[in-house]
2 protein chains.
Amino acid sequence: MDTKTLCLGVLAHGDASGYEIKKAFEDEALGHIQDAGFGSIYPALSRLLKAGHVTVTAETQAGKPDKKVYSLTPAGRLAFLDALATPSKFDQLRSDFLFKMLFAELMPARQLEAALDAHVAEIRGRLERMAGDDCGHVGVGPQFVHGFGLAMYRAADAYIEEHKYELLRAALMSEQPAEAAE
Amino acid sequence: MDTKTLCLGVLAHGDASGYEIKKAFEDEALGHIQDAGFGSIYPALSRLLKAGHVTVTAETQAGKPDKKVYSLTPAGRLAFLDALATPSKFDQLRSDFLFKMLFAELMPARQLEAALDAHVAEIRGRLERMAGDDCGHVGVGPQFVHGFGLAMYRAADAYIEEHKYELLRAALMSEQPAEAAE
DNA sequence: AGAAACATGTAATCGGTTACATGATTAT
DNA sequence: ATAATCATGTAACCGATTACATGTTTCT
């Protein structure tokens, strides 16, 4: 998904400035599945403006810098619907964590355990934050995605807990048993 | 993970040519979690050679083009171990599919169902292919990763099956009930 | 006083994807 | 014949990340 389509998606849920679009990628459902920085959002909005997919209105704010609020045009809405209809290629699991685990045998046991624990801790933190989200007000789409995220994180958590000792045992056995002398 | 580190990883499992490294990203465990094309592998190998992380030996083959077989140097092995020790940022779920599902309400019911079915079909295909892999000979690392992939795909499959009708019902209700007249 | 949030943008850089360029052999 | 596999590489392009540049207000 390119940043232009991502911006169209955020704007489909309501008018927003570039800054507000950035914030949308930091919390809630969107933050877990896509990301974009200022350096890609602002140029994307310029291109969308040129293409006629959005319009912009400058809003002067008391005590705050001016805001440029973008709105979807009918053409922009159509373009977004079109993007939704385009089949995208299947998402890879693409994970640095899993890549490292492929080489678990090359890592010292302590380092392996630290990597595993850090990953589980991150998953649990996300799980907790997500459990607190109230999804009553959001639509079925975001609810589905939220539930999907929960299911994935829970499955990952459970799998790692169940299998980390297999990994750790192998790592410990491959190390010199000289540690008993320490 | 940049392509250089990915190449180091493949070479840590044994000497290989650029072509063979590319193949490693197409099958088995690696293919599910990382990807790299010729256009990034060859330049990466050149840079690794310049950095002294790999050495190269030209192998003349009867009836086939010459091969350049790369081997890790001790420095390269160290650099890879170092990369494994470096904490990487947490993997996002980053999914085009989920992004689209966020906007399920904007899609026609048929298109939504098609997207859902295509995704499930892809997951099941992968699940079947993975079930056939014999993991007896590989190490604990690749076995862990293989099992992780299976667990994730199974969880995704189960979640979609359980919740697709919620999505579909909402999509059908939001459409005009004029279809009974057709 | 200093940091953080609000707000927008540009420029340099870096790296990945895609297409191009070449060429032999083997299988259909 | 033609496509596919084996084999290596370069060049153009595209876009994302990062840093830079600017300026106010509010909170600590």
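What follows is calculated from the coordinates using simple rules that are stated; it is not laboratory data. These numbers come from a predicted model, not from an experiment. Please note: Cβ atoms are built from the backbone with ideal geometry, for glycine as well, and neighbour counts cover all protein chains shown.
Here is how the numbers come out for the structure above:
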item: Residue A:154 versus residue B:120: modelled label distance in nm, points set 7 Å from Cα along the beta carbon direction; result: 1.9 nm
item: Nitroxide proxy distance, nm - points 7 Å out along Cα→Cβ at residue B:162 and residue A:166; result: 2.3 nm
item: Charge dipole (debye, nearest 20) of chain B; +1 at Cβ of Lys and Arg, -1 at Cβ of Asp and Glu; result: 980 debye
item: Label spacing, shortest first and in nm, from residue A:127 to its equivalents in the remaining copies (7 angstrom along Cα→Cβ); result: 2.2
item: Neighbour cut-off at most 14 other Cβ (10 Å), DSSP loop, trypsin sites (Lys or Arg not before Pro), region B:4-102; result: B:89
item: Using a 7 Å Cα-to-Cβ projection, residue A:139 label spacings across copies, nm, ascending; result: 4.8
item: Partner chain coverage, peptide B:104-112 - average Cβ within 10 angstrom; result: 4
item: Linear extension gain, residue A:27 paired with residue A:113, 0.36 nm per residue minus alpha-carbon span; result: 28.0 nm
item: Partner chain coverage, peptide B:144-153 - average Cβ within 10 angstrom; result: 6
item: Kirkwood estimate for region A:96-182, i.e. one over the average of 1/r between Cα atoms, Å; result: 15.1 Å
item: When each of A:164/B:4; A:100/B:100; A:89/B:23; A:23/A:50; A:67/B:89 is checked by Cα-Cα distance, pairs over 26 Å; result: A:164/B:4; A:100/B:100; A:67/B:89
item: About the Cα centre, charge dipole magnitude for region A:88-162 (Lys/Arg +1, Asp/Glu -1 at Cβ), debye; result: 240 debye
item: Cα-derived Rg over Rh, computed across region B:32-182 with Rh taken as Kirkwood radius; result: 1.15
item: Cα gyration tensor of the protein assembly as shown - equivalent ellipsoid semi-axes, whole Å, descending; result: 42, 25, 23
item: Axis-nearest residue in chain A [Cβ, rotation onto B], distance in whole Å; result: A:155, 2
item: Alpha-carbon Rg/Rh ratio, for region B:1-88, with Rh computed the Kirkwood way; result: 0.97
item: Positive dipole terminus of chain A, leading residue within A:36, A:150, A:92 (C-beta point charges); result: A:36
item: Most fluctuating residue given options A:97, A:144, A:80, as computed from a GNM of chain A linking Cα atoms under 10 Å; result: A:97
item: Angle in degrees between helix B:109-132 and the longest Cα principal axis of chain B, rounded to the nearest 10; result: 40 degrees
item: Largest to smallest principal axis extent of the C-alpha atoms in region B:1-43, angstrom; result: 23, 19, 17
item: Peptide A:23-31 - average C-beta neighbours from other chains (10 Å radius); result: 1
